[in-house]
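Asks: This structure is in structure tokens; I'll ask about it shortly.
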Amino acid sequence: MKNFFKSLAICALAALTFASCQKENADGNMDDQSSVVSINLTSPLMGTKAFADGNTVNVVHVHVYKVGENGALTYIDRGTDGTVTPSQDVRMSNGSATYSTRLVTGQTYTFVFWAEKSGNGHYTYNHRTQTISVNYANAAGNDESRDAFYAVLKNVTINGAYSASVALKRPFAQINFGASDYDAAVAAGITVTGASVKLTGIANSIN
């Protein structure tokens, strides 16, 4: 009878220990040694409808690197089986997005954010060189699908729950064209149907 009672007591203790471990898993404490990371992302929007008002941008590609000794960067690969990883895409609406993940406590990370219109194919990111390349082929003036924003958040050490706000910026220059005789052309019945400009010596990538 005593042995049976001791066995029951051991089983009960084991059950309590298991329940405690489950709670630690759910809270993200101790056993996985990770912390919640939440970053609010914003891009500048114009107050009224205009060309390049930023509203076409609807996705932020987040690329996360683990920072090692001597600043060496190790890319955290995206999941190929539907698994959510720290490197992921988040939806942007009205110039605002929220990125959240869990990262190892005590580790240092660098984040690269690139926001664009989903599926436009104008930009390519090389995670090994941390470089965005742009394809200018068939680029048209006032093509809002090419609007984009970026930011880099460097060397963030996770010492517990982490939150931050990051403002994204355009990596582009803007070129405005004007005609001093436009009104005279309209008065003369002249209609301009098209124009083209050739630019040389411009950058096609950003690190």
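The numbers here are math on the coordinates, done by the rules we state, and not lab data. Nothing here was measured: the structure is a model prediction, and the numbers come from that model. Every residue, glycine among them, receives a Cβ derived from its backbone with ideal geometry; neighbour counts consider all protein chains shown.
Asks: Please state the shape class of the range 64-163: rounded when a/c is under 1.5, otherwise prolate if a/b exceeds b/c and oblate if not, all from the C-alpha gyration tensor. Please report the intermediate quantities before stating the final value.
Replies: Working: a/c = 2.16, a/b = 1.76, b/c = 1.23.
Judged from the Cα gyration tensor, the range 64-163 comes out prolate (a/c at least 1.5, a/b above b/c).
Asks: Of all alpha-carbon pairs in the range 50-107, indicate the percentage at a distance above 20 angstrom.
Replies: On the way: 686 of 1653 pairs.
Everything past 20 Å amounts to 42 percent.
Asks: Going by the alpha-carbon gyration tensor, a ≥ b ≥ c the square roots of its eigenvalues, is the range 89-140 rounded (a/c under 1.5) or, if a/c is not under 1.5, prolate (a/b greater than b/c) versus oblate?
Replies: Numbers: a/c = 3.83, a/b = 1.57, b/c = 2.43.
In terms of gyration-tensor shape, oblate.
Asks: Using 0.36 nm per residue, how much length does the chain from Thr85 to Asp53 gain when fully extended, once their Cα-Cα distance is taken away? Provide the component values of the computation, followed by the final result.
Replies: Numbers: separation 32, 0.36 × 32 = 11.52 nm, distance 3.09 nm.
Answer, rounded to one decimal: 8.4 nm.
Asks: Which FRET efficiency value, to the nearest 0.05, is calculated for Ser205 and Gln33 with the Förster distance at 41 angstrom and r the Cβ-Cβ distance? List each step's numbers first, then the result.
Replies: Values: r = 37 Å, r/R0 = 0.91.
Plugging the Cβ-Cβ distance into 1/(1 + (r/R0)^6) gives 0.65.
Asks: Applying 1/(1 + (r/R0)^6) with R0 = 30 Å to the Cβ-Cβ distance of Thr129 and Thr157, what FRET efficiency is obtained, to the nearest 0.05? Kindly include the intermediate steps, with their values, before the conclusion.
Replies: Values: r = 24 Å, r/R0 = 0.80.
Once rounded, the FRET efficiency stands at 0.80.
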